[in-house]
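Inspection log for the structure reproduced underneath, given as structure tokens.
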Amino acid sequence: MLAKLKVVSYLSAADWWVFGMVLALTFAAAVYGHYRKKRPKNKALDYLLMGRQLTLPLFVATLVATWYGGIFGVNEITFNYGIYNFVTQGLFWYAAYLIFAFFIAEKVAKYHSVTLPDLAGGVFGPKSAKVAAVFTFFYITPVAYVLSLGLFLNMAFGISVLQGMVFGTLFVCLYTAWGGFKSVVFSDLVQFFVMCSAVLLVVLFSVHSFGGLAFLKANLPASHFSITGGNGVFNTLIWGFIALATLIDPSFYQRCFAAKSPQVVKKGVLISTFIWFCFDLCTTAGSLYARALLPQAQPAEAYFFYAVQLLPAGLRGFFIAGILAIILSTLNSFLFIAANTLSFDLLRSRFKNVVLTNRIAMFAVGALAVGMSYVLHGSFKEIWLTLGSYFSACLLMPILLGYVYPHRISDNLFVASALCSALTMTVWKCLPLNPFWQQIDAFYIGVLTGGLILLFNLSKRKSYVKGITDL
């Protein structure tokens, strides 16, 4: 097998036909979603949250599809570190999903919010809403997914990564801004089935062609079967804390706010967790085969080139469409949520037409994401760690404590905790530390700072002490 190839030269007429059909179905689903219900009672709510009428099947499909846009990042981590990917991008997250389903879902539903910052404003106050909006905006701006789209178009069709990012993002902005959340959901429905089938095909053909676990163990470094993959324990545990950001993840919350009932949310998250487990097994296994057979390939590209050479005509086109579906289903959601954050949470007081402002904001977000992707072009792992660690360290603890102890955290206390966490993280990153202190990631410093500020202030309240003793 070749470590680098022109994918276009491998595509038959059947591949092009299948690829085109999948794109046509996706576009048709987006159009159907847009025209499915005319004259809504609340135009803004219909555009942003589908009128809070998201049913269980649609909830599962759009939630699962939204979670995997960084497919090349997952491939990169598996290629370099083996099953470390399944631990850090899988197991930690499943635990967070279950916590959300059993302990958070009903608490979220009762606020009837539109966005995560809107929820923060309802629980803590208007200043908290603005601070949460700023952190949410940079966290949800789809830097890694714009980069994934650029890499995909480069590998599949030979255009430059920058051109792929620009034109691909523009296309996604056009159909997402036009149709709103309904178009996102119904296009996700098609993409959900395509992406799941595509990664399963790679595993089935790999096992059939090369054998199972014995083949992988014989052709991979022993470290690829280590939980830490050669990384330190603290480095591995950071992903556990980042996974807990699911408990306040904006795309998670958007689906919850759009669902018909808390029961839909709880059942949907449980079903989605099982599907994510199966999907992660497939992507991790497929990437391990790619590492075994294409050890000289670029880590982010190996899985894609391996699958293109592995699959027969027709299925090859289906796989390529599946990878595109994985990227688009996350990119359109993140663009939409980032635009919501900018238009609804940060600029609502200046512009009254929420729908129009959202559409304009989406193109601004797309341009920003392309610019950041170009500047930060590098490791997916580092992009996720940087953006995810700031968001998690600064917002996770105050929001969760707000659920546990309602009305105990003031607006000013929330703001102080979040901003001090961000400040100490940034200072820690800039300090000339000796090797011992360099082992402690800035994420832990941010969490410790915010936690101490919150707990010190809460401990001074008798009601908080009573809450502790009642547990």
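Brief remarks follow.
- Test: residue in segment 303-319 that is more than 20 Å from the chain's Cα centre (by Cα), over 27 Å from Met21 (Cα atoms) and surrounded by 24 or more Cβ atoms within 10 Å (Cβ to Cβ): no
- As a summary of the residue check, Thr246 satisfies the conditions (1) under 17 Å from the mean Cα position of the chain (by Cα); (2) among the polar types (S, T, N, Q); (3) surrounded by fewer than 20 Cβ atoms within 10 Å (Cβ to Cβ) except for the one numbered (3).
- For Tyr390: the one exception among (1) assigned to a helix (DSSP H, G or I); (2) at pLDDT below 80: (2)
- Residues that are touching a Pro at 6+ places or on another chain (Cβ under 9 Å) and closer than 30 Å to Arg36 by Cα, drawn from segment 58-94: Gly69
- Residue in segment 403-417 that is within 30 Å of Ala198 (Cβ to Cβ) and crowded, with 21+ Cβ neighbours inside 10 Å present: no
Yes/no matrix, rows are residues, columns are (1) over 21 Å from Lys266 (Cβ atoms); (2) of a type in the set (S, T, N, Q):
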{"residue": "Met1", "(1), (2)": "yes, no"}
{"residue": "Ala13", "(1), (2)": "yes, no"}
{"residue": "Ala28", "(1), (2)": "yes, no"}
{"residue": "Val31", "(1), (2)": "yes, no"}
{"residue": "Tyr35", "(1), (2)": "yes, no"}
{"residue": "Asp46", "(1), (2)": "yes, no"}
{"residue": "Met50", "(1), (2)": "no, no"}
{"residue": "Gln53", "(1), (2)": "no, yes"}
{"residue": "Val60", "(1), (2)": "no, no"}
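Here is a yes/no grid of residues against (1) touching a Gly at 6+ places or on another chain (Cβ under 9 Å); (2) within 20 Å of Ser329 (Cβ to Cβ); (3) surrounded by fewer than 23 Cβ atoms within 10 Å (Cβ to Cβ):
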| residue | (1), (2), (3) |
| --- | --- |
| Ser9 | no, no, yes |
| Phe27 | no, yes, yes |
| Leu54 | yes, yes, no |
| Gly90 | no, yes, yes |
| Phe103 | no, no, yes |
| Tyr111 | yes, no, yes |
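Residue-wise test of (1) under 15 Å from Phe193 (Cα atoms); (2) touching a residue at least 12 places away in the same chain (Cβ under 8 Å).
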| residue | (1), (2) |
| --- | --- |
| His34 | no, yes |
| Asn42 | no, no |
| Asp46 | no, yes |
| Val64 | yes, yes |
| Trp67 | yes, yes |
| Gly70 | no, yes |
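- Residues that are closer than 17 Å to Gly322 by Cβ and within 23 Å of the chain's Cα centre (by Cα), drawn from segment 279-299: Phe279, Asp280, Leu281, Cys282, Thr283, Thr284, Ala285, Gly286, Ser287
- Taken over segment 275-305, the criterion of being aromatic (Phe, Trp, Tyr) and modelled with pLDDT under 95 is satisfied by Trp276, Phe277, Phe279, Tyr303, Phe304, Phe305.
- Residues (small (Gly, Ala, Ser) and either in contact with a helix residue (DSSP H, G or I) (Cβ under 8 Å, 6 or more places away or on another chain) or within 25 Å of Cys196 (Cβ to Cβ) (or both)) located in segment 1-32: Ala3, Ser12, Ala14, Gly20, Ala24, Ala28, Ala29, Ala30
- Helices (runs of 4 or more DSSP H) enclosed by segment 184-267 - at least 3 residues per element that are closer than 30 Å to Val447 by Cβ: 233-243, 250-258
- In segment 264-302, the qualifying residues are those that are among the aromatic types (Phe, Trp, Tyr) and farther than 18 Å from Val207 by Cα, and the one that is surrounded by the most Cβ atoms within 10 Å (Cβ to Cβ) is Trp276.
The values are calculated or read from the model by the stated rules, or taken from the named source; none is laboratory data. These numbers were taken from a predicted model, which means no experiment stands behind them. Cβ coordinates were reconstructed from backbone atoms using ideal geometry, including for glycine residues, and neighbour counts include every protein chain displayed.
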